[in-house]
1. Which lysines, if any, have their Cα less than 16 Å from the Cα of Lys244, not counting same-chain residues under 8 positions apart?
2. Whole number in Å², please: accessible area per residue of the range 2-138, 1.4 Å probe, ligands, DNA and RNA not counted.
3. Where both residues lie in the chain, what percent of DSSP beta bridges are antiparallel, nearest 5?
4. Using only the Cα atoms of the range 44-271, build the gyration tensor, take square roots of its eigenvalues as a ≥ b ≥ c, and label the shape rounded, prolate or oblate: rounded if a/c is under 1.5, else prolate if a/b is larger than b/c, else oblate.
5. Compute the semi-axes of the equivalent ellipsoid of the range 291-388, taking the square root of 5 times each eigenvalue of the Cα gyration tensor, and list them largest first in whole Å.
6. Work out from phi, with θ = phi - 60° and the Karplus expression 6.51 cos²θ - 1.76 cosθ + 1.60, the ³J(HN,Hα) of each residue of the range 29-34, listed in order in whole Hz, and give x for Gly and Pro.
7. Convert 20 °C to kelvin, take the viscosity as 1.002 mPa s, use the Kirkwood radius over C-alpha pairs of the chain as Rh, and evaluate the Stokes-Einstein diffusion coefficient in µm²/s, rounded to a whole number.
8. With θ taken as phi - 60° and the coefficients 6.51, -1.76 and 1.60, list the Karplus ³J(HN,Hα) couplings across the range 106-115 in order, rounded to whole Hz; mark glycine and proline as x.
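The values are calculated or read from the model by the stated rules, or taken from the named source; none is laboratory data. A quick note: this is a predicted structure, and the numbers were derived from the prediction, not measured. Glycine gets a Cβ as well: all are built from the backbone with ideal geometry, and neighbour counts include every protein chain shown. These accessible areas exclude ligands, DNA and RNA; they are computed on the full protein's heavy atoms, side chains included. Shrake-Rupley method; radii C 1.70, N 1.55, O 1.52, S 1.80 Å.
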Amino acid sequence: MKNIQKTDKQVYKALTAEIKRQNEGIEMIPSENYVSKAVLEALGSVFTNKYSEGYPKRRYYGGQENTDTVETLAIERAKTLFGAQHVNVQPLSGAPANLAVYSALLNPGDTVLGMDLSHGGHLTHGHPVTLSAKIYNFVRYKTKENGTIDYEKLEELVQKTKPKILLAGFSSYTRQLNYRKITKIAKKVGAISMMDMAHIAGLVAGKALPNPVPLFDVVTTTTHKSLRGPRGGMIMCKKEFAQKIDKAVFPGLQGGPHMNNITALAIALKEAQEKQFQNYATQVLKNAKELERGLKKRGATLCFGAKTDNHMVLINTMEKWGLTGKQAEETLDAIGITVNKNVLPDDVRGPLDPSGIRVGTPAATTRGMKEKEMTKIAVWIDGALTNSINKKEIARIKKEVRTMCLRFPINKDKK
Ligand SMILES: *Cc1c(COP(=O)(O)O)cnc(C)c1O
């Protein structure tokens, strides 16, 4: 970072502080990860200088021989990895990817049936504050007491509301969805089946979780969560939707694609094809299971049947510790464990100070942490939340967390 240091002292200072923060704390926000050095290099590469409106071989500006190469590599690698018929790698992130699909396949006022937001669904699945909720009609389905989706109610709702899109996917749900049931229900009423696999894309790529891509009509994802790529979005779909979706992304919603990101994505997708990445994905799940075990052993209340099938757990912090999600998040920040506050199913509290937190293992696993470290993390989480007003105890745990973190440096590039 010699050049940044020379050019801009203020930014340099913030950047150096962020490197320290990332090194000395444990990242347990389930949607975050650490990219490889190769991905970082691509992000900072000269491809950021290039305008490439259009698609490979069909661009609006000249000088595209190299951008065409990297975009085609990204597309082909995604096709191989996920078994997709068609891939668009240009969405700037997950939210614009979803908006592009809605605008490609819906008319204003059309109905989308998506997962209830407090039951694990995402903001972009029709939260009233979003643009899509103003344009389309979102109806929600929920989970049952035991934590699985209420598929009978879902089918009733589908029959009643006749959605144009039946949307699956989540950002805080911890269980495996029954893809076959969902796509079958969609077929019955001629709805398009759509899955947003943003959180679990890396676990699917690493063959640790079932692949929804061959089953659903459309699958969207982010590329920067468990997939461990640059920030970005991706749409995979059946051939029949390809043209509509490509047009919706560009020129419908976006201008020039971020070619430095697409270059980095091509590299991340190559990394995700390696055997080591499969080991990584398997370890992410093992670590989440160990975290679940450790927390349950200490009497923590976990949501969705107190069980995780993926990389995260959703913890009710009011029940055992009498802390709101915000208080719990702040307490864990103080010991160097970064999590995020999160609403629980039908939470009586609001999103800015909900009843729980969401904790996930993708980032810590990238650093090389395994079950043994997860056991410790569960002890630290319980210890901090139990002693949240005991400054001495918080300082003691913080020291332990830091010591362990320094044993797991980020980006040693063992992958
Ligand atoms: C993270 C996420 C998104 C949004 O991605 P951004 O890159 O933040 O726009 C969309 N859907 C789901 C399910 C997500 O988890």
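1. Lys244 reaches Lys164.
2. On the way: 6930 Å² over 137 residues.
With all protein chains present, the range 2-138 gives 51 Å² per residue.
3. Details: 21 of 38 bridges.
Counting only bridges with both partners in the chain, antiparallel ones make up about 55 percent.
4. Working: a/c = 2.07, a/b = 1.63, b/c = 1.26.
Prolate shape, in that a/c is at least 1.5 and a/b is the bigger ratio.
5. Working: eigenvalues 78, 43, 33 Å².
That gives 20, 15, 13 Å for the three semi-axes.
6. 6, x, 9, 10, 6, 10
7. On the way: Rh = 22.1 Å.
It diffuses with D of about 97 µm²/s by this estimate.
8. 10, 9, x, x, 5, 9, 10, 9, x, 5
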